[in-house]
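*Asks:* Input: one structure, supplied below.
The values are calculated or read from the model by the stated rules, or taken from the named source; none is laboratory data. Everything numeric here is computed off the predicted structure, so don't read it as measured data. Using ideal geometry, Cβ is built from the backbone for each residue, glycine included, and neighbour counts are taken over all protein chains shown.
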Amino acid sequence: MTDRILVWGAGAIGASIGASLISDGIDVTFVDSAIAHVEAMRDPARGLWVKGDDRAFGRAVRACAPFELEGSWACVLLCVKAHHTAEACRALAPHLARDGYVVSLQNGLTEKTVAEILGPGRTIGAFVNFGADVTGPGQIAFGNRGTVALGELDGAITPRLEALTRMIRLFEPDAFATEDIWSFLWGKLAYASLLFAQAAGAAGIVECLERPELLPLWRALAGEVIAVAAAEGVSPRGFNGFDPSAFEPGADPSAAATSVTAMATFNRASAKTHSGVWRDLAVHRRMTEVDAQFGPVVAAGARHGVACPSLRRLIALIHDIETSRRPQDDDNLLALLEVTHA
């Protein structure tokens, strides 16, 4: 079931993984709604290029827009932005084999949306933390390797999950199957709250993490996500320097400081200096995933009586930048910090 793959969404995640699979002999078809990107990828004179780290891929690939696609696939790697998940699932549904499945290689809790539309039995969860950016039509800059985990929504270790994991190891040799994918997804949400805050300013990830006066902000943002996860019965998992336990309410601030230092060290080795959210705002000038990622967290917090003032302020701040009511400025992070002291 993993020798012929459909990659729906040929952005930083989808193109990076898909190119690696092609290099190892997997039959990959890309689907993307950005026509200029699709045309570049399938043009023999241009093609898809993935460069950086130890990656060196450059050739024309099979790519099309959603309305051009024909055929069906047993395995679909869904790699679109979180707020495009529902639309993508409805569009790909006719191309998903009856016994097929979709792997949600995205950020947020998008697995829930996929499962609602296509069915939980046709959904596999995934956590990714490698760095890459789309720098132009057909052009991907690969920044660094990172943790990759895959899991069935019910925690079972199934033959299809094992086969999928073997295939994804062609891209990331240390990829693994987990019995609790939700713990990784909530851990990524907590970490992502820091990246969304970084996106509100001009400085890069490492520079922001190394501002000691912002430690209370990192503790507040990640702490709210972790508190909501606990109310949902999930214990977030750590990765690549991020230690969720260090940001739990009541944790020693020195533990959070140690984790922030470890995260800065991990990111310092990456060619990707700014978050994808920052690029959405500063380069692409488009809406971000802030509602799709953190709206469900705030809503769950409301159901459980967990206040999320810092997350609510972060969402509002990103909206202000999206609509040009506020510039991207490093002082925005100090404005967020004021909420933690209110």
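*Asks:* Assuming S270 fulfils every condition listed in (1) at pLDDT 95 or above; (2) of a type in the set (S, T, N, Q); (3) more than 20 Å from A200 (Cα to Cα) apart from one, which condition is it?
*Replies:* (1)
*Asks:* Of all residues in segment 228-244, which are within 21 Å of the chain's Cα centre (by Cα) and farther than 15 Å from D180 by Cα?
*Replies:* Within segment 228-244, V228, N240, G241, F242, D243, P244 meet the criteria.
*Asks:* Also, I was wondering about something else. Output the number of residues of segment 251-296 satisfying the condition of being hydroxyl-bearing (S, T, Y) and either in contact with a Phe, Trp or Tyr (Cβ under 8 Å, 6 or more places away or on another chain) or in a loop (DSSP other than H, G, I, E, B) (or both). Walk me through it before giving the result.
*Replies:* Step one: filter segment 251-296 for residues hydroxyl-bearing (S, T, Y), giving 254, 258-259, 261, 265, 270, 273, 275, 288.
Right, trim to either in contact with a Phe, Trp or Tyr (Cβ under 8 Å, 6 or more places away or on another chain) or in a loop (DSSP other than H, G, I, E, B) (or both) and you get 259, 270, 273, 275, 288.
Qualifying residue count for the region: 5.
*Asks:* Looking only at segment 170-193, decide whether some residue is among the hydroxyl-bearing types (S, T, Y), outside any helix (DSSP H, G or I) and either touching a residue at least 12 places away in the same chain (Cβ under 8 Å) or not assigned by TED's automatic domain parsing to the domain that holds G52 (or both).
*Replies:* Step one: filter segment 170-193 for residues among the hydroxyl-bearing types (S, T, Y), giving 178, 183, 191, 193.
Then drop every residue that is not outside any helix (DSSP H, G or I), which leaves 178.
Narrowing further to those that are either touching a residue at least 12 places away in the same chain (Cβ under 8 Å) or not assigned by TED's automatic domain parsing to the domain that holds G52 (or both): 178.
Yes; the residues of segment 170-193 include at least one that is among the hydroxyl-bearing types (S, T, Y), outside any helix (DSSP H, G or I) and either touching a residue at least 12 places away in the same chain (Cβ under 8 Å) or not assigned by TED's automatic domain parsing to the domain that holds G52 (or both).
*Asks:* Identify, from the list A36, A93, the residue that is in the same structural domain as R160 (by TED's automatic domain parsing), closer than 21 Å to T288 by Cα, of a type outside the set (D, E, K, R) and not in a strand (DSSP E or B).
*Replies:* Every option except A36 fails the conditions.
*Asks:* Hey, G100 hits all of (1) surrounded by 17 or more Cβ atoms within 10 Å (Cβ to Cβ); (2) under 20 Å from the mean Cα position of the chain (by Cα); (3) not in a helix (DSSP H, G or I) but one; which does it fall short on?
*Replies:* (2)
*Asks:* Which number in (1) surrounded by fewer than 15 Cβ atoms within 10 Å (Cβ to Cβ); (2) within 24 Å of the chain's Cα centre (by Cα); (3) farther than 27 Å from G151 by Cα marks the one condition that E68 misses?
*Replies:* Among (1) surrounded by fewer than 15 Cβ atoms within 10 Å (Cβ to Cβ); (2) within 24 Å of the chain's Cα centre (by Cα); (3) farther than 27 Å from G151 by Cα, E68 violates only (2).
*Asks:* Look through G52, G25, G18 and report the one residue that is in contact with a Phe, Trp or Tyr (Cβ under 7 Å, 6 or more places away or on another chain) and without any contact (Cβ under 8 Å) to a residue 60 or more places away in the chain. Break it down into steps so the answer makes sense when it comes.
*Replies:* Details: G52 fails: without any contact (Cβ under 8 Å) to a residue 60 or more places away in the chain; G25 fails: in contact with a Phe, Trp or Tyr (Cβ under 7 Å, 6 or more places away or on another chain).
Of G52, G25, G18, the one residue that is in contact with a Phe, Trp or Tyr (Cβ under 7 Å, 6 or more places away or on another chain) and without any contact (Cβ under 8 Å) to a residue 60 or more places away in the chain is G18.
*Asks:* Among the charged types (D, E, K, R), buried (at least 17 other Cβ atoms within 10 Å of the Cβ) and at positive phi - does that describe any residue in segment 105-114?
*Replies:* no
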